[in-house]
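First the structure, in the form of structure tokens, and then the observations on it.
The values are calculated or read from the model by the stated rules, or taken from the named source; none is laboratory data. The shown structure was predicted, so the numbers you read here are calculated from the model rather than taken from an experiment. All Cβ positions, even for glycine, are placed from backbone atoms using ideal geometry, and neighbour counts span all protein chains on display. Protein only, heavy atoms only, side chains kept; ligands, DNA and RNA dropped before computing areas. Shrake-Rupley method; radii C 1.70, N 1.55, O 1.52, S 1.80 Å.
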Amino acid sequence: MIEYRKESLETKKFIGLGIDTTVQNAPQDCAKIWQEFMGQCQEITNAINPKVHYGLCVNPNNIECSFRYVASCEVPNHYL
């Protein structure tokens with residue numbers, strides 16, 4: 001069984017590249033978006049830690065088994 005924990009975190013802001021995908025297509029789509037992001041992430045000059053990146057799953061649709069996946073880095077809350 002996979003162990004997990006739930007945490008409440010302070011508000012954070014992320015910037016990156018995203019793709020709409022499904023559970024079935026995620027392995028290919030997420031790898032593609034990471035490859036694109038890693039080629040461009042050095043352009044994000046205000047990253048809090050340019051060596052730390054995050055994969056975010058947002059806007060889940062349980063009926064269609066789809067979601068938006070975002071390869072990103074954290075930026076200050078006042079950024080943009």
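See the values below:
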quantity: Between helix 26-40 and the chain: long-axis angle, C-alpha atoms, 0 to 90°, nearest 10; calculated: 10
quantity: Solvent-accessible area per residue, Å², over the chain with all protein chains present [probe radius 1.4 Å]; calculated: 80
quantity: Value of Rg to Rh for the chain (Rh from inverse mean 1/r over Cα pairs, i.e. Kirkwood); calculated: 1.00
quantity: Relative contact order for the stretch 4-80, counting Cα pairs under 8 Å that sit 6 or more residues apart, in percent; calculated: 43
quantity: Cα-centred dipole magnitude for the stretch 11-56, charges only on beta-carbon of K, R (+1) and D, E (-1), debye, nearest 20; calculated: 220
quantity: Extension gain (nm, one decimal) between Thr22 and Glu64, 0.36 nm per residue minus Cα-Cα; calculated: 14.4 nm
quantity: With every protein chain in place, the chain: carbon and sulfur % of accessible area (1.4 Å); calculated: 53
quantity: Peptides 21-34, 47-60 ordered by average Cβ neighbours within 10 Å, highest first; calculated: 21-34, 47-60
